[in-house]
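Reviewing the structure listed below.
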Amino acid sequence: MLIALFPGDGIGPEIVAQAKRVLDALAIDGLTYEEGLVGGAAYKAVGHPLPPATLDLAKRADAILFGAVGDPDCDSLERHLRPEQAILGLRKELGLFSNLRPAKVFPELADASALKHEVASAIDLLIVRETNGDVYFGEKGMRKTPEGLREGYDIMSYNEEQVRKIAHQGFQAARARRGKLCSVDKANVLETSQLWRDVVIEVSADYPDVALSHMYVDNAAMQLVRNPGQFDVIVTGNMFGDILSDQASMCVGSIGMLASATLNDSNQGLYEPIHGSAPDIAGQGKANPLATVLSAGMMLRYSLGLPEQADRIEAAVAKALADGARSFDLGGTMSTVEMGDAVLAALA
Ligand code: NAD
Ligand code: IPM
Ligand code: MN
């Protein structure tokens, strides 16, 4: 089985290196790796954030382990050349529409949460975020108003097929968990969201065993810090899911802890931490690699059919934390490599 490694920019190479050490330590038969250029690193090397060779490797691979993309040097390039287009392009080109972002408190980390201990301890939720549509992929541009003012625009839309597909993902995930699905939208204002809500309700007919609720996204942001324990599975669109997942990360302790899987119809997946390239700490050995390590675990579970090995990774992360491993974002002083060492020690 072929795994594509795309380290990318900023802290990407540092954190992917630790995840790779953990995968190597598992000594799984038959895994091969090929590395590819993405993001600003790819732009600087070959002039495009998602070069053809990278896209080809992504398509050939059984799974992709992705670090992060984003480079301040590239922030004023034409949009199609910016590093972020690598992740957006991979999601679109490979049909990776179902982005799973679990947030669960490791008991040892409840004090790292921005929330009170008893509020944080109750968190065990999964955000199912659509990643092929929404305002991300609509027509966009800059124009002049009739008065000559500069105006930027991005068209938000979802068609019913896109909503139906992600709704099924949400219901199935809820069925496999605690049977509760909360669909988050802004149907009080947006037509896109009205269609979203209508279609989610239609799909719910196939899942009488799942308790469906609806929540406006502003309220959802508030409820995530007031009473996050109420959520089991949240299904939402691309932009709302992006924002709520960063928020959920801090509710469980740190953005350096949240892993994700993005799957297509053939369960080929892209696995990445939910955070970005963190240019403010890149190259300093301060990045927490655990979100990436846990993403590698999700890869073994969802794309490679190796649940026992995935369990081993999760158990090793939990043990490393229980043994006191703490990177800077978790209030400690351990470097990226030392955090990797701690996971390896816990695996052994
Ligand atoms: P960010 O997630 O990179 O960083 C936000 C804050 O969290 C920073 O203070 C950073 O130091 C901290 N942080 C992030 N990951 C951490 C980790 N593993 N350990 C410790 N601290 C961590 O978000 P940003 O600063 O808004 O964006 C930086 C760049 O990353 C931008 O170019 C953005 O477009 C890009 N980005 C990429 C992805 C991706 O590749 N999937 C995701 C989000 C942002
Ligand atoms: C994420 C990131 C991306 C997104 C950016 C880098 C395009 O924030 O994966 O959460 O908005 O989807
Ligand atoms: Mn994001």
Item to check | Nearby lysines by direct alpha-carbon distance to K92 (threshold 26 angstrom, same-chain neighbours under 8 apart not counted) | outcome: K20, K44, K59, K140, K165, K186
Checklist outcome for this item: Exposure proxy check on D134, D56: fewest-to-most Cβ neighbours within 10 Å is D56, D134
Checklist entry - So what J values fall out for the range 212-217 if you push phi through Karplus, 6.51 cos²θ - 1.76 cosθ + 1.60 with θ = phi - 60°, rounded to Hz, Gly and Pro as x? => result 9, 10, 10, 8, 6, 5
Item to check | the range 148-254 - Rg and Dmax from Cα coordinates, angstrom | outcome: 14.8, 55
Item to check | Residue of A318, A63, A53 that the Gaussian network model of the chain assigns the largest fluctuation, springs spanning Cα pairs under 10 Å | outcome: A53
Item to check | the range 1-87, dipole about Cα centre (Lys/Arg Cβ +1, Asp/Glu Cβ -1), debye to the nearest 20 | outcome: 120
Item to check | Residue (of V189, L65, T333) at the positive-pole extreme of the chain, dipole from beta-carbon charges | outcome: V189
Checklist entry - Which distance in nm do the two modelled labels at T145 and K92 give, with both placed 7 Å along the Cα-to-Cβ direction? => result 2.8
Checklist outcome for this item: Eigenvalues of the alpha-carbon gyration tensor of the range 57-137, times 5 and square-rooted, give semi-axes in Å, largest first, of 31, 17, 13
Checklist outcome for this item: Note on the chain: contact order normalised by length, alpha-carbon pairs under 8 Å, 6 or more apart, percent, works out to 22
Next on the checklist: I'd like the antiparallel share, as a percent to the nearest 5, of DSSP beta bridges with both residues in the chain.
Outcome noted: 45
Checklist entry - Cα extents of the chain along the three principal axes, largest first, in whole Å? => result 60, 49, 37
Checklist entry - Rounded to the nearest 500 deg cm²/dmol, what is the calculated helix-only ellipticity per residue at 222 nm for the chain, with -39500 (n - 2.57) per DSSP H run of length n ≥ 4? => result -12500 deg cm²/dmol
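Every number here is computed from the coordinates shown, using simple stated rules; none is lab data. Keep in mind that what you see is a predicted model, and the values were worked out from it rather than measured. Here the Cβ is made from the backbone with ideal geometry for all residues, glycine too, and neighbour counts use every protein chain on show.
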